[in-house]
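Note sheet for the following structure.
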Amino acid sequence: MNVGRLVAVLGLALALRAALFPFAENKHGDAPMRALVAERMVIDPGSAAVPRTYCQFGPLHTALMRPFIALDRYAPRSTRYLSFLAGLAVFWPFWLFAKRLVGRERAELATLALAVSPLHLQAATTAASEALYLLLWVGAIERLLAALDFERSAGSPRKRRLGTFALAGALASLAAVTRYDAWLALPIMAAAAFRLAPNPRAALPGLLLFSGVAAVLPVAWLVWGGVAGGDPLFFAHYISADHAGLAATAVARYGVVLGRLRQLGIWTLAFAAAMTPPGLLFAGRALAKWRTLSRSARFVAVAALAPPALYLARGLLFMSFEPLARFGLVPGALLLPLAAGAVPLGRARAFRVATVGLSAAFALAIWGVANWAHHSDGDARIWAGAESMGALTRMDDEDRALARWLRAHRPPGDPVMIEPLAFADIAIAHAAGIPWTESISLIVTRDPGPSVAATRATTGAKFIVGYDHDGGWPRRLPDWRRDVLAIGHWRVVEP
């Protein structure tokens with residue numbers, strides 16, 4: 001192994017994330033909503049004792065953001081520090097994980113692919129939860145692989161192996177209260193480990209210990225939700241309703257057949273964004289030769305693909321799930337060592353060049369597609385669906401300008417109601433420094449009354465902001481004056 005090359009890969013990972021961090025903004029992947037939740041808990045620490053404060057999100061990520069916000073009260077920046085640190089810290093366990101699967105030389109190739117992954121760049125520079133989740137999940141799987149020692153029938157001394165199983169379970173438990181994907185993966189992963197173990201009977205005590213430790217925090221979360229909130233599955237109800245609504249909107253727009261084909265397209269592009277195009281290609285080659293894969297590789301493939309397979313089945317069969325690009329990041333990253341293992345060492349240099357070059361080309365193409373309509377048509381906005389697959393996410397210029405104006409002119413405590421406009425209100429409220437509890441569209445209603453006056457009377461909103469387009473509030477509400485403040489297409493009714 002060339003140590004200098006590995007150091008260069010890690011330096012590249014740091015340089016790319018540090019370069020993008022000042023320009024990235026919380027826009028996709030629930031990043032602004034998670035940030036608002038964490039900011040609320042800093043402003044009102046007592047709210048952290050109420051399970052529903054966390055909405056549908058696993059509690060660990062928002063809880064860990066709080067110290068950073070306390071240190072730097074400019075939340076659009078400080079809520080992203082945790083992801084930045086987790087996005088860098090992941091490279092050490094990822095390197096160990098890849099080395100365990102495919103050896104040192106190819107582990108460097110997998111690490112390079114993660115370093116230039118457009119989706120990981122996005123996750124590491126925004127307040128999305130995927131960077132922290134990937135760090136914990138890679139650590140859990142690497143330690144579980146070490147404990148299982150699939151490729152040898154004789155493992156480490158019993159006490160050491162049980163300790164490794166327990167550590168893997170602890171990391172998995174933390175991951176499970178970061179993102180709920182782990183709740184789907186864990187039982188399937190444990191079953192696959194038992195099935196693939198050279199001596200299942202000998203592996204059983206360790207797997208039971210792993211499963212028991214992994215279940216501690218999820219069970220505690222369920223109990224707390226039931227005792228303190230009356231519904232242990234409140235978060236699942238949030239998630240199901242959100243995805244059912246998104247899926248219904250997609251079906252209404254694209255139809256049943258095209259809607260299903262679209263789901264396949266989103267997943268394919270999401271994996272390309274997570275793994276880089278060469279990584280996706282070589283992972284496909286590796287999985288096509290399933291019987292030749294090691295037991296460890298097959299275990300990792302099952303662990304990686306189980307959640308997206310279940311999501312895809314739900315989407316294709318019932319059209320009740322809407323895939324989002326960020327869902328491809330963690331499974332894609334886990335498959336990168338398998339992709340690297342399929343690269344002939346004689347072609348390693350070509351793989352490096354193609355990975356860096358095509359990753360950059362993919363990110364630039366996504367950025368161009370997302371912004372083409374925005375710059376070619378004054379009424380168009382950034383195509384969020386395309387941008388969500390890229391390395392950099394930025395608010396629309398008019399949204400940023402509106403947030404800047406509200407931050408400067410809204411007196412503390414004045415509630416604001418912003419037309420949702422495909423969830424743009426959440427990003428604007430976060431960027432404007434409007435607490436969740438003072439954003440009417442998040443705590444009261446997302447629909448206006450029959451008039452501006454009625455909306456103000458029933459919601460208590462001091463500022464009402466609508467988007468001037470067909471069907472927008474300024475054209476729907478009869479008493480909306482035409483001489484109000486205009487910021488781009490936004491129209492602001494001031495107190």
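For region 338-359, does any single residue satisfy the condition of being in contact (Cβ under 8 Å) with a residue 12 or more places away in the chain, part of a helix (DSSP H, G or I) and under 30 Å from GLY245 (Cβ atoms)? For region 338-359, residues in contact (Cβ under 8 Å) with a residue 12 or more places away in the chain, part of a helix (DSSP H, G or I) and under 30 Å from GLY245 (Cβ atoms): absent. Inside region 91-128, can you point out the residues that are farther than 15 Å from PRO331 by Cβ and part of a loop (DSSP other than H, G, I, E, B)? Within region 91-128, GLY103, VAL116, ALA124, THR125, THR126, ALA127, ALA128 meet the criteria.
Number of residues in region 419-433 that are out of contact with any Leu (no Cβ under 8 Å at 6 or more places or on another chain) and either aliphatic (A, V, I, L, M) or without any contact (Cβ under 8 Å) to a residue 40 or more places away in the chain (or both) equals 7.
Considering every residue within region 61-72, establish whether at least one is within 20 Å of ALA182 (Cα to Cα), surrounded by 22 or more Cβ atoms within 10 Å (Cβ to Cβ) and not β-branched (Val, Ile, Thr). Yes: region 61-72 contains one or more residues that are within 20 Å of ALA182 (Cα to Cα), surrounded by 22 or more Cβ atoms within 10 Å (Cβ to Cβ) and not β-branched (Val, Ile, Thr).
Residues in region 274-310 that are touching a residue at least 40 places away in the same chain (Cβ under 8 Å) and within 18 Å of the chain's Cα centre (by Cα) were compared, and the one that is surrounded by the most Cβ atoms within 10 Å (Cβ to Cβ) is THR276. Of all the residues in region 267-293, those that are outside any helix (DSSP H, G or I) and under 14 Å from PRO337 (Cβ atoms) number 2. Check whether at least one residue in region 256-277 is in contact with an Asp or Glu (Cβ under 7 Å, 6 or more places away or on another chain) and β-branched (Val, Ile, Thr), and report yes or no. The answer is no, given that none of the residues of region 256-277 is in contact with an Asp or Glu (Cβ under 7 Å, 6 or more places away or on another chain) and β-branched (Val, Ile, Thr). Whether a residue is in contact with a Gly (Cβ under 8 Å, 6 or more places away or on another chain) and closer than 26 Å to GLY87 by Cβ was assessed, and ARG260 does not pass this test. Determine, yes or no, whether LEU364 is buried (at least 22 other Cβ atoms within 10 Å of the Cβ), closer than 30 Å to ALA301 by Cα, hydrophobic (A, V, I, L, M, F, W, C) and under 21 Å from the mean Cα position of the chain (by Cα). So LEU364 fails the test. Residues that are within 22 Å of ARG381 (Cα to Cα) number at least 2 in the following helices (runs of 4 or more DSSP H) confined to region 413-468: 424-432. Only a single item in (1) closer than 17 Å to LEU145 by Cβ; (2) among the hydrophobic types (A, V, I, L, M, F, W, C); (3) touching a residue at least 12 places away in the same chain (Cβ under 8 Å) is not met by ALA215, and it is number (1). One residue stands out in region 346-397 among those that are more than 17 Å from ALA123 (Cβ to Cβ) and among the hydroxyl-bearing types (Ser, Thr, Tyr): the one that is modelled with the lowest pLDDT, namely SER376. Report yes if THR459 is touching a residue at least 24 places away in the same chain (Cβ under 8 Å), among the hydroxyl-bearing types (Ser, Thr, Tyr), surrounded by fewer than 18 Cβ atoms within 10 Å (Cβ to Cβ) and in the same structural domain as ARG482 (by TED's automatic domain parsing), otherwise no. No; evaluated as a whole, the condition is false for this residue. Quick check: anything in region 384-398 surrounded by 15 or more Cβ atoms within 10 Å (Cβ to Cβ), in the same structural domain as GLY265 (by TED's automatic domain parsing), under 16 Å from GLY279 (Cα atoms) and touching a residue at least 12 places away in the same chain (Cβ under 8 Å)? Checked region 384-398: no residue is surrounded by 15 or more Cβ atoms within 10 Å (Cβ to Cβ), in the same structural domain as GLY265 (by TED's automatic domain parsing), under 16 Å from GLY279 (Cα atoms) and touching a residue at least 12 places away in the same chain (Cβ under 8 Å). When restricted to residues that are in contact (Cβ under 8 Å) with a residue 12 or more places away in the chain, of a type outside the set (Gly, Ala, Ser) and assigned to a loop (DSSP other than H, G, I, E, B), region 1-41 contains 9. The criterion of being surrounded by fewer than 21 Cβ atoms within 10 Å (Cβ to Cβ), within 27 Å of TRP267 (Cα to Cα), in contact with a Leu (Cβ under 8 Å, 6 or more places away or on another chain) and modelled with pLDDT of 95 or more does not hold for LEU121. Would you check if TYR54 is of a type in the set (Ser, Thr, Tyr) and under 17 Å from the mean Cα position of the chain (by Cα)? Spelling it out, TYR54 is indeed of a type in the set (Ser, Thr, Tyr) and under 17 Å from the mean Cα position of the chain (by Cα).
The values are calculated or read from the model by the stated rules, or taken from the named source; none is laboratory data. Note that the structure is predicted; figures quoted are calculated from it, not measured. Note: ideal-geometry Cβ built from the backbone for every residue, glycine included; neighbour counts use all protein chains shown.
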